[in-house]
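Asks: Quick one: structure below, then a few questions.
Quick note: the coordinates plus some simple rules give every number you see, no bench work behind them. Being a predicted model, the structure only gives us computed values, none of them experimental. In this analysis, Cβ positions are derived from the backbone assuming ideal geometry, glycine residues included, and neighbour counts consider all displayed protein chains.
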Amino acid sequence: MDYSPKSPAVSTSSNLEKVNPFRVMTVMHRAAELEKQGRQIVHMEVGEPDFSTAKPIIDAAKIALDKGLTQYTAAPGINELRDSIVQHYRDRHNVELIRERILITPGASGGLALLANLLVSTGDGILISDPAYPCVRNFIHLMSAKPQLIPVEWEHNFQPTLSQLDQYVQPHTTGLWLASPSNPTGTIIERNHLKSICGWARDKGLHVLV
């Protein structure tokens with residue numbers, strides 16, 4: 001019996017043509033294959049912790065399962081967790097937040113995807129460091145927007161300078177996305193430099209995501 005499809009292939013979004021594969025996963029899978037063959041591999045491809053989950057976390061998860069806490073939570077996240085985050089910022093950073101400004105996501109990529117949908121429109125330009133977390137430019141591409149890559153260097157802590165921001169900003173630029181600590185370089189934006197960057201972005205009418 002012929003089970004071949006009778007209808008044309010489903011077309012996909014043209015935005016996918018701009019999305020590059022997350023090559024680190026390809027390297028990781030290849031490394032796993034070599035390990036199965038007995039090769040000794042030093043993993044430097046993905047940010048996987050080299051230690052196990054802490055026992056108190058495992059115990060808390062078991063208790064939650066035993067209590068039947070397996071249903072849907074509130075869409076922004078468990079309220080008790082959001083309240084704890086508010087308290088953490090109050091105690092450690094002397095910053096006052098409210099629960100309504102806290103949103104829990106399953107990892108940073110989920111948060112970045114949500115923020116791209118919230119902040120980025122078709123045709124926008126978003127300034128990002130190069131190198132940067134590879135998925136960032138893909139999230140921007142999926143919004144039919146353009147990542148504007150700023151080549152960063154060791155001499156400036158692998159973070160963009162104000163002169164570079166002036167050089168790469170364009171009329172269609174609407175935002176600046178930074179990472180601190182940076183992925184993949186691990187560098188931190190110095191506090192005063194971040195204040196200067198935020199002031200620059202405010203003058204240009206750009207949003208800043210860190």
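Asks: Tell me which residues come under 5 Å, amide H to amide H, from D130 once H is placed; ignore anything under 5 positions away on its chain.
Replies: I150, V152
Asks: Do you know the relative contact order of the chain, to the nearest whole percent, from alpha carbon pairs under 8 angstrom that are 6+ apart?
Replies: Normalised by residue count, the contact order of the chain is 15 percent.
Asks: Fewest to most neighbouring Cβ within 10 Å: what's the order for T185, T122, T26?
Replies: Fewest-to-most Cβ neighbours within 10 Å comes out as T122, T26, T185.
Asks: Binning at 10 Å from 0, report for segment 13-129 what percent of all alpha-carbon pair distances ends up in each bin.
Replies: P(r) for segment 13-129, in whole percents per bin: 9, 22, 29, 28, 11, 0.
Asks: With the contact rule set at Cα under 8 Å and sequence spacing of 6 or more, what percent relative contact order holds for segment 107-210?
Replies: 27 percent
Asks: Below 8 Å between Cα atoms, with a sequence gap of 6+, how large is the relative contact order for segment 1-115 in percent?
Replies: Working: 41 pairs, mean separation 16.2, N = 115.
Normalised by residue count, the contact order of segment 1-115 is 14 percent.
Asks: Let me ask you something else. Once you order the gyration tensor axes a ≥ b ≥ c over the Cα atoms, which shape class does segment 107-210 get: rounded for a/c under 1.5, otherwise prolate or oblate by comparing a/b with b/c?
Replies: The shape class here is oblate.
Asks: Going by how many other beta carbons lie within 10 Å of each one, how would you line up F139, F51, fewest first?
Replies: Going from sparsest to densest Cβ surroundings: F51, F139.
Asks: Could you check the simple spin-label distance between A74 and L119, using points 7 Å along Cα→Cβ, in nm with one decimal?
Replies: Taking the simple label geometry, A74 and L119 are separated by 2.4 nm.
Asks: Continuing with the same structure: Could you compute the net charge surrounding V120? Neighbours are other residues with a C-beta less than 14 Å from the C-beta of V120; K and R count +1, D and E count -1.
Replies: Values: positive: K18, R137, K146; negative: D124.
Cβ neighbours under 14 Å give a net charge of +2.
Asks: Let's test the formula: R0 of 41 Å, r as the Cβ-Cβ distance of K195 and A9. What FRET efficiency results, to the nearest 0.05? Walk me through the numbers on the way to the answer.
Replies: On the way: r = 52 Å, r/R0 = 1.27.
Efficiency, from the Cβ-Cβ distance: 0.20.
Asks: Here is a further query. Between Rg and the Kirkwood Rh of the chain, both from Cα atoms, what is the Rg to Rh ratio? Could the numbers behind the result be given before it?
Replies: On the way: Rg = 21.5 Å, Rh = 20.9 Å.
Dividing the radius of gyration by the Kirkwood radius yields 1.03.
Asks: If you don't mind, another one. Mind sorting Y133, Y168, Y89, Y72 by how few other Cβ atoms lie within 10 Å of their own Cβ, fewest first?
Replies: On the way: Y133 20, Y168 17, Y89 13, Y72 5.
Neighbour counts put them in this order, fewest first: Y72, Y89, Y168, Y133.
Asks: List the trypsin sites (Lys or Arg not before Pro) within segment 67-113 that DSSP assigns to loop and that have no more than 11 neighbouring Cβ atoms inside 10 Å.
Replies: Those satisfying the criteria are K67.
Asks: With Cβ to Cβ distances under 14 Å as the rule, what net charge do the other residues near E100 carry (K, R +1; D, E -1)?
Replies: On the way: positive: R82, R99, R101; negative: D83, E96.
Spelling it out: positives minus negatives among the neighbours equals +1.
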